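The structure appears below as structure tokens.
We did not get these values from a lab; they are worked out from the coordinates using the rules stated. All values derive from a computational prediction rather than experimental measurement. Cβ placement follows ideal geometry from the backbone for every residue including glycine, while neighbour counts extend to all protein chains displayed.
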Amino acid sequence: MITANVKKITGVSTIQEVVNVIQNQGVLNETVDDPEWPIEDLLLRSINILNIPDRINTAQLSKEGQKVSFLFTHAESERLRRRTSWFENEGENGKVLKSKEERVNIAKADILFFEFQGCVYAAFFTKKEDTIARLKDELLLPDYWGEISDAVEFKVEDDLLYWLLYRFAQFSGKMNRNFDIIGIYGYMGYAVSNTHTITGEGQRISELLGTLAYIFGNDPLDSLNVSIRKQTEHVSFRISRSGNIQVSDTEYMGNFWGNHTDKSRFARICILIYTIIIPGIIDTYNDHRKTGQWNMQHRLDFIKGTGIKILRKVMPPLQLPLDMTVKDILA
């Protein structure tokens, strides 16, 4: 599984501008002002374009010809370790300088730049927030890139995650004529009482619904592991409130990535998820809210109804009558 942490870049609006910035920003390597540091050992800082053979790639999103431009890069930035850690233990000849690899910390990640609705986004392929912060501070300089912020366009509400569960359980996964939920395989969530914080992660849909109804009740969800089908494209990924995703290319079926067999497969899957799948899910959710197909009462009825199913499953000795109401059981 690869994690993609997406950010919005305000200083550029096209991928060609991203290429220009990488070129115009110039060499970012730094020297170290210390007499015991070899002058030839520069601190290396770079963003390298990985697209081959073209600098800018395009991916076709639909049969109608809709395309998105993207750039796949690798970023690395070196930072000094503390001076006291530069040397081996002192021997007869005094201090012995360690290798450069032992004197620096390296932050590195693949970064996918892509266009969406007139803006440029950067998906960092790492789950380490400190790595992202370093690469932003040391490589994506504000004078060239502008402000880099969270991509709120791809964040989802806790209520949307409950809606996905509802559509899967009550409507056989049908969201609209274009999207279907093929499976829900896990979740992450938490419940907080006055004295305890409970975290959970379910693996099967029966465990998932049971845990939500019986333990968490109506507590917040952080993410769901879902499998979504849009026409001929079938992709499994983790959708989260933060807007970050986790995805595996082995769980994808479709034609979107063509014959690509290298790292650009992940780039193309992420483009599919961020430009087609997540916006489609959000639009359908908002439409169902507006048309009354989903509201807080639907959510409460869904949770309570699931609770009844779980009670009947785990407590057969009680022989609950079929006509027992939600109020009777939950009283």
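From the residues LEU50, THR14, TRP37, which one has its Cα farthest along the dipole of the stretch 5-50 in the positive direction, the dipole being from +1 and -1 charges on Cβ of Lys/Arg and Asp/Glu about the Cα centre?
THR14
Would you mind counting up the charge near CYS119? Only other residues with Cβ under 10 Å from its Cβ, with Lys and Arg at +1 and Asp and Glu at -1.
Surrounding charge for CYS119 is -1.
May I ask you to list the residues of the stretch 98-131 whose amide nitrogen lies under 11 Å from a point 7 Å from Cα along the Cα→beta-carbon direction of ARG83?
none
Could you list TYR185, TYR285 so that the one with the fewest beta carbons within 10 Å of its beta carbon is first and the one with the most is last?
Ordered by Cβ neighbours within 10 Å, fewest first: TYR185, TYR285.
Which entries of LYS136/LYS290; LYS7/LYS230; LYS127/LYS290; LYS95/LYS128; LYS7/LYS98 have Cα-Cα distances beyond 31 Å here?
LYS136/LYS290; LYS127/LYS290; LYS95/LYS128; LYS7/LYS98
Length gain on complete extension for the stretch LEU44 to ASP287, per 0.36 nm per residue less the alpha carbon to alpha carbon distance?
Full-extension gain reported as 82.6 nm.
For the peptides 120-126, 30-36, what is the packing order when you average, over each peptide's residues, the other Cβ atoms within 10 Å and list the highest mean first?
For the peptides 120-126, 30-36, the packing ranking is 120-126, 30-36.
Multiply the residue gap between THR10 and ASN24 by 0.36 nm, knock off their C-alpha separation, and tell me the result in nm, one decimal place.
Taking THR10 through ASN24 to full extension adds about 3.3 nm, to one decimal.
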